[in-house]
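The values are calculated or read from the model by the stated rules, or taken from the named source; none is laboratory data. This is a predicted model, so every value here is computed, not measured. Virtual Cβ from ideal backbone geometry, glycine too; neighbours counted across all protein chains shown. Calculation scope for accessible area: heavy atoms of the full protein, side chains included, ligands and nucleic acids excluded. Shrake-Rupley method; radii C 1.70, N 1.55, O 1.52, S 1.80 Å.
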Amino acid sequence: MQKPDAFNLSRRRFLISSAIIGAVTALASNPLTAAMGNSSRIEDLIKRMTLEEKAGQLHLEAILSPKMADSDFAKQNPWMPPTTLEKTLAGIAAQLEKVRQGKIGMLTTPMDIDSLIKAQQVAVGESRLGIPLMFGADLIHGFRTVFPVPIAEAASFEPELARRTARAIALEGTAAGHDMTYAPMVDIARDQRWGRVVEGAGEDVLLGSRFAAARVRGFQGDKLGTSDSMLACVKHFAAYGAAESGLDYAGSPITERILHEVYLPPFQAAFDAGAIVTMASFNTIDGVPATGNQHLLTDILRNNMGFQGMVMSDFESEKELIAHGFASDERDAARLALSAGCDMGMVSGIFPTYIPDLVRSGELDEALLDQAVRRILYVKQQAGLFDDPFVRLNKARDKAPLPKAHRALARESAVKSIVMLKNENNLLPLPKQGKKIALIGPFGSDTRNLNGAWSPFSAETPSVPLDSAFRHALEDPSLLTVIMGCDIDAPIQGGIEQALSAAHAADVVVLALGESENMTGESRSRTELTLPSVQMELAEALAATGKPLVVLLRNGRALTLQGAVRDASSILLTWYLGTEMGNAVADVVFGDESPSGRLPMSFPLASGQQPYYYAREYSGRPALNGSTAMFKSHFIGIPDEALFPFGHGLTYGDVSYAATQCSADKLSMNGKVMVSAQISNKGSRAVEEVVQLYIHDRTASVVQPRRKLVDFRKVKLAAGQSLTVSFQLTAEQLAFIGQDTKAVLEAGWFDLWIAPSARCGEPAALNLTRA
Ligand code: BGC
């Protein structure tokens, strides 16, 4: 690999000096360092660092680049104060001086590789100790190629797909110099008002844990430290998704038992898969901010979960301890966050400003600071940066064309993310010829809402809109009429009239409705989960024409579907699918592919049911079987049910499930049984079916969820094929978190279901016995 000259010199100096030091320094006795592999280099550095250099390692800031003075940058980042090239260059010089003085440990959101190379040259060649910088950014569901938003991809129920897309993101991201991505987001989200539902894998603990592990494996590849391995920063630790009333940044008023039962397992799965970085969350848990929460970041994370890597704050969350009313000022906030176990501060700068003096004054033990530095250097070492600080800074790789396979993967993952919620009279798939189609709605020809939240880097790869993909798919494109009808959230003059005349002239209406990209994501909580009223009016007007109606929903959370939208013959959930969105939707609409996605979260009947999730406990007065009787648990006039349950999704086949069978009716505490059911496809098309295994513990010392997913598998069924699908069930899978927050296995009766969704039929019974 071609390296800049200055680096070759400085790198040699760096490597030689560290090799000598490494040889003479005994391995530290600290148990943490002992587990950290080759730590003599790290221990030696810590010994030689000044307090300012140590605090510098704890600081992450945004990298400056000459690109910031471009007019394009200003257009893409309208919230940034306008700047000039002169000011930007002065800013860059000042930032490089900080790097030279060892006052920055990590830089975020690279814009161009030259700036990274320059900064790294200064870090390793001109700073006193030559400690390399690390570069990170939010590469959440794509970089140059955009894959479906994470919630959509979770609908594939195919963790291996998420591993593959994460691998592709890592290949593209590391080629542009990224050492780390602030992903995956593994927050379980059970309140659809929360805008960040779009960034996770939905409401279920098992599904969330499998996707968490798969994404980590994808980002990091087979071996950390290689040029295409990108560190995963698992976020947000913890319980960010439990925000009260779904309001972003609000507190999570949950118990420690629920923390262990619901919110921690996906993190554990990610750590077990090799993640060594996590991000502390913005929220409080039971009144204590996560970023200043010693019990969470030290007792639970490190001591119980065995995490040995580094914790970074989330964008100033260490400073926000003041706004919470937890710290009195910045100095106090820095002390509290570091003492709690937060190693690196994102952007605020309070760590480098206050920590040296806090140590000098004796308010902070230097050992705590050393511990944080040690963890950060450990992560840099694992990322391969001590062996080669330029391992991911290769101009030729940065300029190389994108692998063709990424585009194909974008289409495959988009197709697999689509969920067919309804398909009366098999209206879908539509024929490619012989029928006039009116594609109506604000998303028919939209090009701005295809990628979803967190896709800021993909401008050079325009995503495919619906209209052009439909034209391309149809044998006679003149059969397609495209009309907007209304804007996303506002009427357009004459819109409904134009839509009606297009509908009257067509055989079928395809209505593209939904949320704009910026109605989901960070800081995008909603009070109502309905479609904007103009879109509902358009749907009502079109339904009155009596033409068959297919609704294509574009959204990043579960919605409450009402009126003509709910009653449409067919509904496809198409999310934000990224680069290949239009083509993937066309593949399913015109039947080149059969839909196979399943809901990773329940679609409620009404917004007021939130938080709504399938794994709720029964109250003492459950409203069973859709009852709306008085003195039972339901909202007035609304059954305690979902419109579409978790796990639901149809195919172009005709799939049915026979009764669930269990190989024994008793299970010992260390035993296992086989649970099976025959699944048949009586349809005329091959399908992929997501077969799900649910349990219910009838009596337990902590009331158990009415249904709990314990396994799932995607199977292929040819037309007319029947298949017996079997799951091995171990006693361990029947465990839950007890009152003392520890996992417990209790004897008693369990119901078991193999089912196509959380709405299950008749269970099989199993007795877990002590014998
Ligand atoms: C978000 C994080 C993100 C960070 C850096 C924060 O506002 O909560 O998820 O990684 O910004 O962009």
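Numbers below:
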{"quantity": "Close pairs from the stretch 355-371: first open to solvent by less than 20 Å² (accessible area, probe 1.4 Å), partner assigned to a helix (DSSP H, G or I) and small (Gly, Ala, Ser), Cβ under 8 Å, at least 6 apart", "calculated": "Ile355/Ala55; Ile355/Ala334; Pro356/Ala55; Leu358/Ala334; Leu364/Ser339; Leu369/Ala55"}
{"quantity": "Residue list for the stretch 275-289, filter: out of contact with any Gly (no Cβ under 9 Å at 6 or more places or on another chain) and either more than 12 Å from the ligand (Cβ to nearest atom) or among the aromatic types (Phe, Trp, Tyr) (or both)", "calculated": "Phe282, Val288"}
{"quantity": "Residue within the stretch 471-484 that is modelled with pLDDT of 95 or more, in a loop (DSSP other than H, G, I, E, B) and among the β-branched types (Val, Ile, Thr) present", "calculated": "no"}
{"quantity": "Residue list for the stretch 65-112, restricted to those being within 16 Å of the ligand (Cβ to nearest atom), open to solvent by 30 Å² or more (accessible area, probe 1.4 Å) and either aromatic (Phe, Trp, Tyr) or within 21 Å of Val124 (Cα to Cα) (or both)", "calculated": "Trp79, Thr109, Met111"}
{"quantity": "Lone unmet requirement of (1) in contact with a Ser or Thr (Cβ under 6 Å, 6 or more places away or on another chain); (2) more than 27 Å from Asn394 (Cα to Cα) for Arg196", "calculated": "(1)"}
{"quantity": "Residues satisfying the stated conditions in the stretch 128-140, i.e. open to solvent by 10 Å² or more (accessible area, probe 1.4 Å), over 29 Å from Trp454 (Cα atoms) and not charged (D, E, K, R)", "calculated": "Leu129, Ile131"}
{"quantity": "Residue in the stretch 578-594 that is under 30 Å from Ser455 (Cβ atoms), among the hydroxyl-bearing types (Ser, Thr, Tyr) and open to solvent by 50 Å² or more (accessible area, probe 1.4 Å) present", "calculated": "no"}
{"quantity": "Odd one out for Thr545, checked against (1) within 23 Å of Gly195 (Cβ to Cβ); (2) in contact with a His (Cβ under 7 Å, 6 or more places away or on another chain); (3) open to solvent by 10 Å² or more (accessible area, probe 1.4 Å)", "calculated": "(1)"}
{"quantity": "Residues satisfying the stated conditions in the stretch 639-654, i.e. open to solvent by less than 40 Å² (accessible area, probe 1.4 Å) and within 24 Å of Asp204 (Cα to Cα)", "calculated": "Pro639, Asp640, Ala642, Leu643, Phe644, Pro645, Phe646, Gly647, His648, Gly649, Thr651"}
{"quantity": "Some residue of the stretch 130-138 being at pLDDT 95 or above, among the acidic types (Asp, Glu) and either within 16 Å of the ligand (Cβ to nearest atom) or under 16 Å from Met49 (Cβ atoms) (or both)", "calculated": "yes"}
{"quantity": "Residue selected from the stretch 327-360 under the condition touching a Lys or Arg at 6+ places or on another chain (Cβ under 7 Å) and outside any loop (DSSP other than H, G, I, E, B), by the criterion farthest from the ligand (Cβ to nearest atom)", "calculated": "Leu358"}
{"quantity": "Residue match in the stretch 180-197 (condition: open to solvent by 10 Å² or more (accessible area, probe 1.4 Å), within 16 Å of the ligand (Cβ to nearest atom) and either free of Cβ contacts under 8 Å to residues at least 24 places away in the same chain or more than 27 Å from Leu421 (Cα to Cα) (or both))", "calculated": "no"}
{"quantity": "Considering residues of the stretch 308-326 that are open to solvent by less than 10 Å² (accessible area, probe 1.4 Å) and part of a loop (DSSP other than H, G, I, E, B) only, the residue farthest from the ligand (Cβ to nearest atom)", "calculated": "Gly309"}
{"quantity": "Gly200 within 16 Å of the ligand (Cβ to nearest atom), in contact with an Asp or Glu (Cβ under 6 Å, 6 or more places away or on another chain) and within 30 Å of Leu531 (Cα to Cα)", "calculated": "yes"}
{"quantity": "Of all residues in the stretch 599-612 being assigned to a loop (DSSP other than H, G, I, E, B) and crowded, with 24+ Cβ neighbours inside 10 Å, the one that is farthest from the chain's Cα centre (by Cα)", "calculated": "Tyr612"}
{"quantity": "Check on Leu402, crowded, with 20+ Cβ neighbours inside 10 Å and touching a residue at least 60 places away in the same chain (Cβ under 8 Å)", "calculated": "no"}
{"quantity": "Qualifying positions in the stretch 290-306 - among the hydrophobic types (A, V, I, L, M, F, W, C) and open to solvent by 10 Å² or more (accessible area, probe 1.4 Å)", "calculated": "Met305"}
{"quantity": "Some residue of the stretch 661-669 being open to solvent by 60 Å² or more (accessible area, probe 1.4 Å), within 27 Å of Ser619 (Cβ to Cβ) and part of a loop (DSSP other than H, G, I, E, B)", "calculated": "no"}
{"quantity": "3 or more residues closer than 30 Å to Tyr576 by Cα: qualifying helices (runs of 4 or more DSSP H) within the stretch 68-151", "calculated": "71-76"}
{"quantity": "Filtered residue count, the stretch 244-271, keeping only those that are open to solvent by less than 10 Å² (accessible area, probe 1.4 Å), closer than 16 Å to Leu296 by Cβ and over 16 Å from the mean Cα position of the chain (by Cα)", "calculated": "2"}
{"quantity": "Given (1) assigned to a loop (DSSP other than H, G, I, E, B); (2) of a type in the set (S, T, N, Q); (3) within 30 Å of Thr724 (Cβ to Cβ), index of the condition Asn625 fails", "calculated": "(1)"}
{"quantity": "Residues located in the stretch 520-533, provided they are more than 16 Å from the ligand (Cβ to nearest atom), closer than 21 Å to Leu450 by Cβ and buried (at least 20 other Cβ atoms within 10 Å of the Cβ)", "calculated": "Leu531, Pro532"}
{"quantity": "Scan of the stretch 60-94 for residues that are among the acidic types (Asp, Glu) and closer than 22 Å to Asp314 by Cα, ordered by number", "calculated": "Glu61"}
{"quantity": "Output for the stretch 217-243, where each listed residue is farther than 22 Å from Ile300 by Cα and either basic (Lys, Arg) or more than 16 Å from the ligand (Cβ to nearest atom) (or both)", "calculated": "Arg217, Gly218, Gln220, Gly221, Asp222, Lys223, Leu224, Gly225, Thr226, Ser227, Asp228, Ser229"}
